[in-house]
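The values are calculated or read from the model by the stated rules, or taken from the named source; none is laboratory data. Bear in mind that the values here come from a model prediction, so they are computed numbers and not experimental data. So basically every Cβ, Gly included, is an ideal-geometry build from the backbone, and we count neighbours across all protein chains shown.
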2 protein chains.
Amino acid sequence: MFRIISQDKKTEARTGEIATTHGKILTPAFMPVATMGAAKTLSSEELEEMDYKLILANAFHLYLKPGLKIIKKFGGLHNFMNWNQGLLTDSGGYQIFSLKNTKVTEEGVNFRSSLDGSSHFFSPEVSIKVQEILGADIIMAFDECLGYPVECKRAKESMERSMRWAIRSKKAHRNNKQFLFGIVQGSTDKDLRRTSLERLEEIGFPGYGIGSLSIGEPEEMMFEIVDSLIPLMPENKPRYLMGLGKPSQLLEMIKKGVDLFDSSFPTRIARNGSCLTHQGKIIIRDSKFKNDTAPIDENCSCPVCRNYTRAYIRHLFNVGEVLALRLASYHNLFYLNHLTKEARKAIAENNFSSFYSLTKEALKG
Amino acid sequence: MFRIISQDKKTEARTGEIATTHGKILTPAFMPVATMGAAKTLSSEELEEMDYKLILANAFHLYLKPGLKIIKKFGGLHNFMNWNQGLLTDSGGYQIFSLKNTKVTEEGVNFRSSLDGSSHFFSPEVSIKVQEILGADIIMAFDECLGYPVECKRAKESMERSMRWAIRSKKAHRNNKQFLFGIVQGSTDKDLRRTSLERLEEIGFPGYGIGSLSIGEPEEMMFEIVDSLIPLMPENKPRYLMGLGKPSQLLEMIKKGVDLFDSSFPTRIARNGSCLTHQGKIIIRDSKFKNDTAPIDENCSCPVCRNYTRAYIRHLFNVGEVLALRLASYHNLFYLNHLTKEARKAIAENNFSSFYSLTKEALKG
């Protein structure tokens with residue numbers, strides 16, 4: 001399902017292609033997050049117009065609402081949300097372990113819905129079944145996610161449970177049109193991370209996620225974990241760093257050889273009035289933009305930058321117009337997709353190091 | 001600026017064309033309301049894509065935010081909001097008289113901004129100046145608006161003041177690229193309405209608004225006022241019934257010979273989860289739609305109806321996704337524009353009576 005197209009000579013950066021029944025996905029790729037079956041404020045057509053080929057949806061949220069019965073009636077999430085490109089669902093692990101009052105046993109997790117207090121049970125088998133009904137092209141093993149920081153003993157026990165759950169996830173996985181990825185756990189302990197990866201490779205998956213990073217640990221520490229892991233990961237399988245969306249971090253991780261990313265960061269900051277540009281983040285709400293006839297980003301070719309000015313978008317934020325959220329969200333997602341396209345081009349032209357340095361410098365603003 | 005294209009033989013319905021420097025507007029026409037320089041949740045491109053040729057913006061709101069200095073810098077509201085079709089601004093009268101603690105004198109109105117408490121003064125001269133800077137194709141005389149019900153003496157005095165203000169509005173109006181419309185006042189008193197219209201005709205305007213209707217009076221009463229006024233209005237000038245947006249009311253008023261309408265109704269009900277259809281209004285939030293694979297309106301060709309189902313849109317409302325508001329708003333505005341298109345076609349084919357009866361019946365659901 002994955003082939004490497006180009007390998008940069010000076011860094012670990014590479015371009016590749018994931019082939020799914022919903023088309024081919026060029027990597028490195030960033031996935032917009034469509035938690036509830038829609039990337040916040042945006043439509044499926046807009047994501048397609050931006051040229052996204054892979055997006056992420058949350059199995060846990062969609063299981064609760066609208067529920068599997070409805071998704072089943074539509075023959076899966078693709079049809080339900082009218083999305084005809086690649087789709088990845090996470091297993092629900094991360095969301096469930098963010099809840100309070102969960103009860104974790106070896107069998108799985110009992111939790112209460114934050115929507116109506118109803119009782120539910122998730123396990124590797126349940127999660128895979130849910131993801132089968134949702135019908136994404138890539139699905140994730142069900143794992144236990146810990147916060148940061150966490151005691152070493154707890155991290156070890158949890159990682160070992162997640163690896164036993166990875167075995168059960170694989171056993172439960174039957175639909176061979178869906179690729180099941182394993183997820184490396186082990187908190188910030190390099191040895192635990194290595195062990196986790198070894199276990200997953202023994203089980204065998206067509207791709208590997210790196211979980212429980214970018215959850216509050218220092219950026220340096222995250223970089224170190226990834227640095228220690230990447231050389232151990234199989235070259236010919238996609239590497240997916242879960243939960244990353246800052247341009248500077250994407251750039252860094254692409255350099256280290258990561259292929260896939262997802263994050264709600266670009267749409268979340270957009271709703272707060274922040275926009276990503278080639279010269280770093282700008283706070284579009286800032287009064288200094290009140291007369292500014294320039295687009296959000298002079299170097300961006302998205303429809304928002306072609307049609308609207310900073311002054312207009314600032315005004316929309318100022319008066320609470322929903323259109324403000326849309327324009328900023330659209331631009332930010334367009335920008336991130338563009339960043340990965342530029343990275344792929346630089347890698348293909350064996351020019352990534354120079355692209356990396358120039359982009360890193362420019363992003364400082 | 002206005003010519004009649006077809007006159008229905010059995011009713012007062014007619015089609016016409018208003019020629020502005022931003023293109024031609026076919027009537028009867030409905031105007032989406034872009035109070036702050038954006039139709040709620042929607043972009044200028046979307047209004048253009050829906051084939052709207054005329055929209056309304058509020059002079060009062062834009063005067064307060066972003067303020068005239070910024071709009072001036074952009075050379076007017078068209079540029080500021082990137083809208084290249086026809087634009088109409090109201091004078092601010094209606095908005096100002098909805099405020100508390102206003103002080104009205106013959107000279108004008110002192111009021112405090114509801115945004116920051118700052119003091120402001122509007123008069124016919126100020127309103128026309130503001131509208132000149134906004135640069136709409138059609139602008140409105142500054143008038144005093146009363147609520148419903150109101151004492152006859154008060155209605156008479158106010159109407160007479162509005163007529164004196166209409167004289168001052170016309171005197172202050174200099175930009176001959178902008179068409180200034182007078183506004184008929186006189187509350188629910190037919191004699192006052194007739195007197196108001198006569199005064200306006202003496203002053204002479206290229207078009208006439210009917211103000212202070214659809215503000216709480218019984219629908220019957222509104223119909224009667226319009227019935228009494230229309231035969232007195234000049235045939236060769238556009239007739240604009242301010243603040244109307246319900247499909248059944250539009251249909252009725254088109255039959256009576258009204259040419260222009262505006263209302264925030266379609267976008268306001270959309271945000272509450274109501275959608276307009278050929279079979280009347282539906283509450284898309286209703287649980288009966290939870291499994292419904294049909295579009296909002298089977299007979300609608302808008303992108304929302306082509307791409308999304310009732311079940312999906314209901315789900316988006318259910319989980320609070322902004323996209324829900326967008327899809328319902330887009331559909332409702334598309335539907336109203338389509339309704340006026342169908343009406344124009346029926347009038348042109350001298351078939352309006354039959355169209356009227358069938359549509360009225362269908363709208364009952």
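Confirm whether A:Thr20 is over 18 Å from the mean Cα position of the chain (by Cα) and away from chain B (no Cβ under 14 Å). Please lay out each step first, then the result.
Numbers: over 18 Å from the mean Cα position of the chain (by Cα): no; away from chain B (no Cβ under 14 Å): yes.
Considered against the rule, which asks whether it is over 18 Å from the mean Cα position of the chain (by Cα) and away from chain B (no Cβ under 14 Å), A:Thr20 comes out as no.
Yes or no, residue by residue, for (1) surrounded by 19 or more Cβ atoms within 10 Å (Cβ to Cβ); (2) within 14 Å of another protein chain (Cβ to nearest Cβ); (3) over 17 Å from the mean Cα position of the chain (by Cα); (4) of a type outside the set (Ser, Thr, Tyr):
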position: A:Gly243; (1), (2), (3), (4): yes, no, no, yes
position: A:Ile254; (1), (2), (3), (4): yes, no, no, yes
position: A:Cys275; (1), (2), (3), (4): yes, no, yes, yes
position: A:Gly280; (1), (2), (3), (4): no, no, yes, yes
position: A:Asn291; (1), (2), (3), (4): no, yes, yes, yes
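Scan region B:194-236 residue by residue and report those that are of a type in the set (D, E, K, R), within 21 Å of B:Glu12 (Cα to Cα) and part of a helix (DSSP H, G or I). Spell out how you get there, then give the answer.
In the first step, residues of region B:194-236 are kept if they are of a type in the set (D, E, K, R); the result is B:194, B:198-199, B:201-202, B:217, B:219-220, B:224, B:227, B:235.
Pick out the ones that are also within 21 Å of B:Glu12 (Cα to Cα) and you get B:194, B:198, B:201, B:219-220, B:224, B:227, B:235.
Within region B:194-236, B:Arg194, B:Glu198, B:Glu201, B:Glu219, B:Glu220, B:Glu224, B:Asp227 meet the criteria.
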Could you check region A:303-365 for helices (runs of 4 or more DSSP H) lying wholly inside it with 2 or more residues that are within 14 Å of another protein chain (Cβ to nearest Cβ)?
A:303-307, A:310-318, A:322-348
Being crowded, with 20+ Cβ neighbours inside 10 Å, at pLDDT 95 or above and not polar (S, T, N, Q) is true for just one of A:Ile210, A:Ile203, A:Ile230. Which residue is that?
A:Ile210
Every listed condition ((1) assigned to a helix (DSSP H, G or I); (2) hydrophobic (A, V, I, L, M, F, W, C); (3) away from chain A (no Cβ under 14 Å); (4) over 21 Å from the mean Cα position of the chain (by Cα)) holds for B:Cys300 save (1)
In region B:129-153, what count of residues is obtained for those that are in a strand (DSSP E or B) and either touching a helix residue (DSSP H, G or I) at 6+ places or on another chain (Cβ under 7 Å) or outside the structural domain of B:Asp189 (by TED's automatic domain parsing) (or both)?
1
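Test B:Thr267 against the criterion of being over 30 Å from A:Gly75 (Cα atoms) and within 14 Å of another protein chain (Cβ to nearest Cβ), and give yes or no.
Values: over 30 Å from A:Gly75 (Cα atoms): yes; within 14 Å of another protein chain (Cβ to nearest Cβ): yes.
Yes.
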